[in-house]
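Comments concern the structure below.
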Amino acid sequence: MTIGFSFRAARSTCLLCVAGLLTLVPAAAAARAAQPDPGPPGGAAARQSPLYRSGTQVRPHPGAPRVPDVSALSWVVADAGTGDVLAANDAHRKLPPASTLKTLFALTVLPALPGGLHHEVSPQDLSGIGPGSSLVGVVEGQTYRVSDLWNGVFLNSGNDAVHVLAALTGGWSATAARMQAEAQALGARDTHVRSPDGYDAPGQVSSAYDLAVFGRAGLRRPDFARYCAKVDAMFPGRDGSTFGIMNTNRLLTGADGVEPYPGLIGVKNGYTSNAGNTLVAAARRDGRTLVVTVMNPQEGGGHAVYEEARALLDWGFEADGEVDPVGSLVPGGVRPGQGPQAAPAAVTAAKPAEDGPGWPETGAILGVAVLGAGVAALALRLKLVRDDGS
């Protein structure tokens, strides 16, 4: 008897393998977060650090450049390599993050889904998208590569793409729970996730400090760094067509009269009526990378978030060696020479092994994936036995 293994069967087998893998992703994140909570990064004493004080915090040397006067409710300037916070204003103030929360979404979900995986979008995948959401144009019944959906997330801030990716990794609530665990594992304890796409939801907050942590962590992943630096991309349309999409981060693209910032490498902007304009921006100059967070400027209109980020980046590069850090984005405040320091992927090439889960988690995940493949093969074998007996 000749046995034909159809594309549908192969796809089902692959999806079963992925399903087996995804069952362990929440457990892996939860295992990291299940360690004893030390409180704020660095322990209880960290609440005495300048980052927990109100107002602008900076420790300048004599003759250091003056910190620019910006109107944002909260902001942070940090060195992405060392994690040193060079200056900040109300760094731990809890505010709605808007779509900058997609940085945490990407950190949580990127490791779980291969970019080449194809998925046919169902009506359930797109249910629950909030009115007025930013959309990239995902259509039910159409098949997309995961990498296309990530372009929709990073460039167009598409909440429809977020919903589909969340559906692929266990659903909306499960994704929010994994994001919360990921934030805690990173030492970002101001963040409370209610809607993974950043859409305004009661109780959903983050902080300039936490968003800088997410931006810095993202730059250590080559895939994250690649997506967030893209200026434009082609997105699948109907009937095999494609259409162009452009990054909504105007500091990267130079759109709408905003001058692009030299050396900018991402990361993510956002806006809602409740959050105002928010931005995580990273730039590289002379081998040094800075990450800046700006939350809800109170003056200057819709483009003020970019101009205030520009001013803070300029100051950060100019102040190199002229200020002492007021804190750290690294849990425990590890200083160079005191512990391992991963280099940002956007600055130096990171080893692939450093970008995924830890080896114990990886081994367990691969084990479940292999188990899923075995179950699929067994099911196919049983079906063939039944066919022979009919």
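The values are calculated or read from the model by the stated rules, or taken from the named source; none is laboratory data. Everything quoted here is computed from the prediction, not taken from an experiment. Please note: Cβ atoms are built from the backbone with ideal geometry, for glycine as well, and neighbour counts cover all protein chains shown. Side chains included, ligands, DNA and RNA excluded: accessible areas come from the protein's heavy atoms. Shrake-Rupley method; radii C 1.70, N 1.55, O 1.52, S 1.80 Å.
A few notes on this one:
- Enumeration of residues in the stretch 290-326 that are crowded, with 20+ Cβ neighbours inside 10 Å and among the polar types (S, T, N, Q): Thr293, Asn296
- For the residues Pro131, Pro114, Pro123, the requirement of being within 25 Å of Ala229 (Cα to Cα) and open to solvent by 30 Å² or more (accessible area, probe 1.4 Å) singles out Pro114.
- Pairs where the first residue, in the stretch 267-286, is farther than 22 Å from Tyr227 by Cα and the second is polar (S, T, N, Q), C-beta under 6 Å, 6+ apart: Gly276/Asn296
- Residue within the stretch 191-200 that is on the phi > 0 side of the Ramachandran plot, in contact with a Gly (Cβ under 9 Å, 6 or more places away or on another chain) and modelled with pLDDT of 95 or more present: yes
Residue-wise test of (1) closer than 30 Å to Gly327 by Cα; (2) surrounded by 23 or more Cβ atoms within 10 Å (Cβ to Cβ); (3) not hydrophobic (A, V, I, L, M, F, W, C).
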position: Leu149; (1), (2), (3): no, yes, no
position: Phe154; (1), (2), (3): yes, yes, no
position: Gly170; (1), (2), (3): no, no, yes
position: Arg178; (1), (2), (3): yes, yes, yes
position: Arg189; (1), (2), (3): yes, no, yes
position: Arg194; (1), (2), (3): yes, no, yes
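- Look at the stretch 197-219: where a residue is farther than 17 Å from Met295 by Cα and a partner is open to solvent by less than 10 Å² (accessible area, probe 1.4 Å) and assigned to a loop (DSSP other than H, G, I, E, B), sitting 6+ places away or on another chain with Cβ atoms under 7 Å, you get Leu219/Ala80; Leu219/Pro344.
- Meets criteria (without any contact (Cβ under 8 Å) to a residue 24 or more places away in the chain, open to solvent by 10 Å² or more (accessible area, probe 1.4 Å) and among the acidic types (Asp, Glu)) for Glu182: no
- For the stretch 73-100, taking the residues that are of a type outside the set (Asp, Glu), part of a loop (DSSP other than H, G, I, E, B) and open to solvent by 10 Å² or more (accessible area, probe 1.4 Å), the one that is nearest to Asn296 (Cα to Cα) is identified as Leu73.
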